[in-house]
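As structure tokens, the structure follows; a few thoughts come after it.
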Amino acid sequence: MTTYESDIKTISSSEEVVFGVLSDLNNLKNIQNQTPAINTIKDLQFDADSCSFNVEGFGKIGFRIIEREPFKTIKLVSENAPFQVNIWVQLKMVDNNQTALKLTLKVDIPMMIKMMVDKKLKEGINMIADLLVKALNKLPNS
């Protein structure tokens with residue numbers, strides 16, 4: 001598996017608040033409404049433990065939460081993807097109302113495909129982290 005990690009980002013909320021939002025994928029609806037539309041992603045569907053969407057030119061992909069470690073880690077696995085994808089959301093309290101966030105993406109892709117998408121995955125994991133931080137920084141501090 002190839003591993004991609006986002007830069008460490010800081011959110012202006014407690015780890016309890018951030019974890020509460022990110023550990024229920026229904027909350028992605030609210031985050032989605034606060035971020036600009038990504039033209040290649042359509043038909044987003046959410047419930048507490050899973051989400052799915054269609055990626056233009058690729059097809060339907062989904063993710064399901066498989067583990068929640070309160071205030072620290074949320075682990076997701078891919079569903080309906082042509083290869084195995086794992087995502088870890090790691091949180092760490094920096095201060096009373098500051099939480100560090102890091103995303104880790106592990107992808108089991110063939111070497112030929114990796115050569116084509118490597119740069120996009122490196123950029124994409126940071127873009128997703130930035131979108132999450134932007135939306136989460138709008139949360140009330142608790």
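Using alpha carbons only, how many degrees (0 to 90, rounded to 10) separate the axis of helix 111-136 from the longest principal axis of the chain?
Here the helix axis deviates by roughly 20 degrees.
Using all alpha carbons of the chain, what is the percent of pairwise distances in each 5 Å bin, ordered from the shortest bin to the longest?
2, 10, 18, 24, 23, 14, 7, 3, 1, 0
Just going by the charge dipole of the chain, with Lys and Arg at +1 and Asp and Glu at -1 on Cβ, which of Phe46, Tyr4, Leu136 is farthest out on the positive end?
It is Tyr4, whose Cα lies furthest towards the positive end.
Give me the number: length gained by fully extending Met1 to Val94, i.e. 0.36 nm times residue separation minus the C-alpha to C-alpha distance, one decimal in nm.
Going from the current span to full extension adds 30.5 nm.
Mean separation of Cα pairs under 8 Å and 6+ residues apart, divided by the residue count of the chain: what relative contact order is that in percent?
This gives 34 percent for the chain.
How large is ³J(HN,Hα), in whole Hz, for each residue of region 3-15 in order, when computed from phi with the Karplus curve 6.51 cos²θ - 1.76 cosθ + 1.60 and θ = phi - 60°, using x for Gly and Pro?
My calculation for region 3-15 gives 10, 10, 10, 6, 5, 7, 10, 10, 10, 8, 8, 5, 5 Hz in order.
If we sort 84-90, 114-120 on the protection proxy, mean other Cβ atoms within 10 Å, highest first, what's the order?
84-90, 114-120
Please work out how much length the chain gains when fully extended from Lys134 to Asp43, using 0.36 nm per residue of separation minus the C-alpha to C-alpha distance, in nm with one decimal.
My answer for the length gained is 30.5 nm.
Coordinate-derived values only; no laboratory data. The structure presented is a predicted model; accordingly, all values stated were derived computationally and were not measured. FYI the Cβ positions are ideal-geometry reconstructions off the backbone, even for glycines, and counts take in every protein chain you see.
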